[in-house]
1. Within the range A:32-54, how many residues turn out to be within 8 Å of chain B (Cβ to nearest Cβ) and either touching a strand residue (DSSP E or B) at 6+ places or on another chain (Cβ under 8 Å) or more than 18 Å from A:V81 (Cβ to Cβ) (or both)?
2. Which residue, of A:F79, A:F85, is within 30 Å of A:H16 (Cα to Cα), more than 8 Å from chain B (Cβ to nearest Cβ) and aromatic (F, W, Y)?
3. Taking the range A:62-72 as the region of interest, how many residues are more than 21 Å from B:A65 (Cα to Cα) and either within 9 Å of another protein chain (Cβ to nearest Cβ) or in contact (Cβ under 8 Å) with a residue 24 or more places away in the chain (or both)?
4. With respect to B:R9, is the statement that it is outside any loop (DSSP other than H, G, I, E, B) and more than 14 Å from every other protein chain (Cβ to nearest Cβ) true?
5. Between a first residue in the range A:19-33 that is within 16 Å of A:S110 (Cβ to Cβ) and a second residue that is surrounded by 13 or more Cβ atoms within 10 Å (Cβ to Cβ) and polar (S, T, N, Q), which pairs have beta carbons less than 8 Å apart while being 6 or more apart in sequence or on different chains?
6. Tell me, please, whether a residue that is farther than 30 Å from A:A53 by Cα and either of a type in the set (A, V, I, L, M, F, W, C) or more than 9 Å from every other protein chain (Cβ to nearest Cβ) (or both) can be found in the range B:24-38.
7. What helices (runs of 4 or more DSSP H) lie completely within the range A:47-136 and have 1 or more residues being among the β-branched types (V, I, T) and in contact with a Lys or Arg (Cβ under 8 Å, 6 or more places away or on another chain)?
8. Report yes if some residue within the range A:40-55 is touching a Leu at 6+ places or on another chain (Cβ under 7 Å), closer than 20 Å to B:L36 by Cβ and at pLDDT 95 or above; otherwise report no.
Amino acid sequence: MAEIRSRPRSRPLSPHLQIYRWPVTMATSILHRLTGVGLAIGTLVLAWWLVAASMGSDSYGIFESAAFHWFGRFVLFGFTVALVFHMLNGIRHLFWDVGLGFKVSTANASGIAVFLLTLVLTLAIWMLAYRSMGAW
Amino acid sequence: MSIQTPLGRVRGLGSAKSGVEHFWQQRVTAVALVPLTLWFVWSVARYAGAPYGDVIVFLANPFNAAAMLLFVIAGLYHMMLGVQVIIEDYVPSEGPKLTLLLVNKFAGFSIGAICAIAVLRIAI
């Protein structure tokens, strides 16, 4: 017992999640899964929209009031972010599938590009949406 | 020397009896979904807050109805393939895994059928 306790801790420790530095590639990888799950749940909203539209103006009105509510907008904004991120990072995956962009520096740069483009595209979509709603 | 039969060699399949269908279909739907998604978000943003009649006119257009139908089908198929991998990765015990895999398949086909009927009902 005493021998074990006094033995110096010289062996390497495997990286632990809480102290592990998150490289861009790791963040994009797990976010691809998380946004995928989010989008899977979001298909229910898509179904609700289409069914409401098919059932008449009353049903559509109920959907609209839910969508225009602040929480509805919050959910739809999250859905937009997830959809845009998953699409852009998916394109990155397609490049990897044909063997392009595997260099560490390239993979890091494309990951940062995905984050930046997600921001730009999401804001552009929402600006278009607010313009359609007559915000300006 | 290979112990594979000539037929097995031609098919490129081993004892698993299946090959790269899952991987390949995930990629085919992914490629299809890039333009469909861009069309979808652009259309929804353009018709946000539009009067009900305008939305119906938009969705009743054959090209828009076809695009919406393809978006729903490709999207839900892509979703079923993706969620299946996540379940297989994280659920180790057979009972819950089989249950969730069935729920995934049934949910995908149910949501797909509902969306498809809604789109067709508007378009036809």
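1. Qualifying residue count, the range A:32-54: 5.
2. Sole residue among the options that is within 30 Å of A:H16 (Cα to Cα), more than 8 Å from chain B (Cβ to nearest Cβ) and aromatic (F, W, Y): A:F85.
3. Of the residues in the range A:62-72, 2 are more than 21 Å from B:A65 (Cα to Cα) and either within 9 Å of another protein chain (Cβ to nearest Cβ) or in contact (Cβ under 8 Å) with a residue 24 or more places away in the chain (or both).
4. So B:R9 fits the description; yes.
5. Pairs found: A:P23/A:N108; A:V24/A:N108; A:T25/A:N108; A:T28/A:N89; A:L31/A:N89; A:H32/A:N89.
6. Yes, the range B:24-38 has at least one match.
7. A:104-132
8. Looking for residues that are touching a Leu at 6+ places or on another chain (Cβ under 7 Å), closer than 20 Å to B:L36 by Cβ and at pLDDT 95 or above, one finds at least one in the range A:40-55, hence yes.
The values are calculated or read from the model by the stated rules, or taken from the named source; none is laboratory data. Keep in mind that this is a model prediction, so the values were computed, not measured. With ideal geometry, Cβ positions are generated from the backbone for all residues, glycine too; neighbour counts draw on all protein chains shown.
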